[in-house]
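We did not get these values from a lab; they are worked out from the coordinates using the rules stated. Here the structure is a predicted model, which means the values were calculated and not measured. Cβ sites come from the backbone with ideal geometry, for glycine too, and all protein chains shown count toward neighbours.
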Amino acid sequence: MPRNSHTPHTFRSCRTPLTAVAGSLVLTASLAGCGGGSGASGEKVVTVYSADGLKGVADDGWYDKVFADFEKDTGIKVKYQEGGSGEMVDRVLREKDDVRADLIVALPPYIQHAERKGLLASYDPKGSDKVHGSGKSTDNRWTSIVNNYFGFIYNKKELTDPPTTWEELLDAKYKDKIQYSTPGVAGDGTGLLIKAMQDFGGEEPAMDYLRKLEENNVGPTPSTFKLAAKVDKGEILVANGDVQTNFAQSKSMSNLAIWFPAKEGGKPTTFAMYYGAGLVDGAPHSANGKKLLDYMLTEKAQKLVSGIGGGFPARTDVRPTDENAIELAGVIDGVTLFEPNWQRIEPSLDGYVDSWKEATGH
């Protein structure tokens, strides 16, 4: 998986408009390219479909800064749509004969799924030679733009004695106080399945655990991002998430704390969940998409990843020393890092999700 200076070795029809979710810009049917890949190539616009987490609630996220700088420097306006990784990939797949997006950004294994489905064009962006080999496609279909790690959060005000293991979450005091995002829809929800299978030693024991956890689980939700506010308010006490998003949220949600569950008797673990970006095959504004992808990998943009986005640079030669970068290094210090085999996981994902549904009744 991608590593950086902060990673310890141990650790359809054109008549139908698309409207963005709250907090993002609006996509309209007037976007060029309804007929496919050629589009109005001279139009000064680029459309991004992305997993959530990189755009700020108050226009103060990494995307907000980078997109604003990009528009100022190039005159190209960024139109943005966000949702769960699976949702975004499914949308591009549905629009395959009526391409609307120029770039897609998704967590693994969804970016690999987009590649396998033939949704991504081959493009080697400037700066990708500085990205760790496991953080990019071997045939230039996608590359990491921001590195990140799977994690959990808890309410540190309510839980003065916070949990450290998976098994502790089965305690009756967590009844209706735990919630995690939906595997197969949210990238972080799928990440929970992957970590559980790693920590418990396989699919069957992981599903057996999640079946027991269901006694305390509030129920599935398509958005990981929204769970942080519920934890901060004490509506729930524990939720899944990721380091980059939750670290950024903790700046305004003072009750959030990040942790990494361990199996009883074991050590806390996590794995990299990078934001993988790829040029959509047949993109209506492919030249603009290439320019934006290049721009997100510039040293200028990568140096902002920790300070503004609360994440880890994708480029191994960019080593920020800002206050956030130092704090982030401490968050994952001592946590064991494992590397999922995404090429094996991706084609098996539907089966894992089906097993989860069977185990939990969802």
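How many angstrom lie between the Cα centre of region 197-224 and the Cα centre of region 85-119? What the calculation gives is 26 Å, centre to centre. Take the Cα of ALA58, step 7 Å along the line toward its Cβ, and report every residue of region 247-265 whose backbone nitrogen sits under 12 Å from that point. Only 251-253 fall inside the zone, counting backbone N under 12 Å.
For region 347-362, backbone phi angles converted through the Karplus equation (6.51, -1.76, 1.60; θ = phi - 60°) give residue-by-residue couplings of x, 9, 4, 4, x, 5, 5, 4, 5, 5, 4, 5, 5, 9, x, 8 Hz, Gly and Pro being listed as x. Taking a 28 Å limit on the Cα-Cα distance, which of the listed pairs LYS77/LYS230; LYS175/LYS263; LYS230/LYS263 fall beyond it? Long pairs (Cα-Cα over 28 Å): LYS77/LYS230.
Subtracting the Cα-Cα distance of LYS77 and ASP317 from 0.36 nm times their residue separation leaves 83.5 nm of extension gain.
Placing unit charges on each Cβ (+1 for Lys and Arg, -1 for Asp and Glu) gives the chain a dipole about its Cα centre, and among GLY201, GLY311, ILE104 the Cα reaching farthest toward its positive end belongs to ILE104. For LYS130 and HIS362, a Förster radius of 56 Å and the Cβ-Cβ distance give a FRET efficiency of 0.85, rounded to the nearest 0.05. Placing unit charges on the Cβ atoms only, positive for Lys and Arg and negative for Asp and Glu, gives region 274-362 a dipole magnitude near 360 debye about its Cα centre.
Counting only DSSP H runs of at least 4 residues, each contributing -39500 (n - 2.57), and dividing by the residue count of the chain, the helix-based mean residue ellipticity at 222 nm comes to -9500 deg cm²/dmol. Counted by neighbouring Cβ atoms within 10 Å, the residues SER122, SER85, SER144, SER128 run from fewest to most as SER122, SER128, SER144, SER85.
The residue among TYR274, ALA257, TYR154 whose Cα reaches farthest toward the positive pole of the charge dipole of the chain, with charges on the beta-carbon of Lys, Arg, Asp and Glu, is TYR274.
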